[in-house]
1. Tell me whether the stretch 162-172 contains one or more residues that are more than 30 Å from residue 89 (Cβ to Cβ), out of contact with any helix residue (DSSP H, G or I) (no Cβ under 8 Å at 6 or more places or on another chain) and in contact (Cβ under 8 Å) with a residue 12 or more places away in the chain.
2. Based on this model, can you work out whether residue 94 counts as over 18 Å from residue 160 (Cα atoms), surrounded by 15 or more Cβ atoms within 10 Å (Cβ to Cβ) and within 11 Å of the ligand (Cβ to nearest atom)?
3. Go through the stretch 78-87 and give me each residue that's at pLDDT 85 or above and either surrounded by 18 or more Cβ atoms within 10 Å (Cβ to Cβ) or in the same structural domain as residue 139 (by TED's automatic domain parsing) (or both).
4. Search the stretch 67-77 for residues being near the ligand (Cβ under 9 Å from one of its atoms) and over 16 Å from residue 176 (Cα atoms), and hand back the single one that is modelled with the highest pLDDT.
5. Out of 186, 170, which single residue is assigned by TED's automatic domain parsing to the domain that holds residue 89, modelled with pLDDT of 90 or more and away from the ligand (no atom under 13 Å from the Cβ)?
6. Just checking, does the stretch 108-124 include any residue being surrounded by fewer than 14 Cβ atoms within 10 Å (Cβ to Cβ), in a helix (DSSP H, G or I) and within 11 Å of the ligand (Cβ to nearest atom)?
7. Can you name every residue in the stretch 136-164 that is closer than 24 Å to residue 74 by Cβ, modelled with pLDDT under 90 and in a loop (DSSP other than H, G, I, E, B)?
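The values are calculated or read from the model by the stated rules, or taken from the named source; none is laboratory data. Please read these numbers as outputs of a predicted model, since none were measured by experiment. Every residue, glycine among them, receives a Cβ derived from its backbone with ideal geometry; neighbour counts consider all protein chains shown.
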Ligand code: HEC
């Protein structure tokens, strides 16, 4: 099966999205299978002229590294992006940047708490049980709090990842996606 490249890409990409949308939040095995097959067949679909070098500069100049780590630089607050290119398809990368709250995975949940003396603390939830709650704060420190010492604590359903949809042009997003797609964790 070797039809013209343009047509294949457009048709394939649309079908992938339809399958994802149509199946809602819980993807069934067949839908995922179809997506995987299609994505594998469409290596270029989500890179409309993205320029990885420009993407790298954008990542370094936008606040991405305030929250993300790439290689030896950046913060551990958000997920490490050093090998994101081998873990996520370009479609998923694009959505993570423009519509980040669509699918926040549980390990990225954030917590906001207020201690009895009124200090507000926010960070990524690591663990909690009946008595205590553990998080990693923006300074990358692991913190544990006894719930009995807290005035309140809230698990935030939305992630901390801000949407860059209005802050970046489509071209800039494409550049960043191209750059992230090159991050395979091998380059140290
Ligand atoms: C305020 C902190 C913050 C900033 C700034 C930020 N992110 Fe994120 N990002 C997160 C968090 C937290 C997540 C985890 C998912 C969520 O919360 O939605 C995330 C998720 C992601 C993901 C998905 C990771 C995965 O494992 O699927 C990508 C890709 C990403 N961010 C890229 C970027 C890029 C590119 C920028 C800069 C343009 C950026 N982020 C800026 C906090 C941030």
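1. Restricting attention to the stretch 162-172, the residues satisfying the condition of being more than 30 Å from residue 89 (Cβ to Cβ) are none.
No - not one qualifying residue is present in the stretch 162-172.
2. Numbers: over 18 Å from residue 160 (Cα atoms): no; surrounded by 15 or more Cβ atoms within 10 Å (Cβ to Cβ): yes; within 11 Å of the ligand (Cβ to nearest atom): yes.
Here the answer is no, as residue 94 does not meet what is asked.
3. Hits for the stretch 78-87 are 79, 81, 82, 84, 85.
4. Of everything passing the filter in the stretch 67-77, 75 is modelled with the highest pLDDT.
5. Among 186, 170, only 170 is assigned by TED's automatic domain parsing to the domain that holds residue 89, modelled with pLDDT of 90 or more and away from the ligand (no atom under 13 Å from the Cβ).
6. No, that holds for no residue.
7. The answer is 138, 139, 140, 141, 158, 159, 160, 161, 162, 163.
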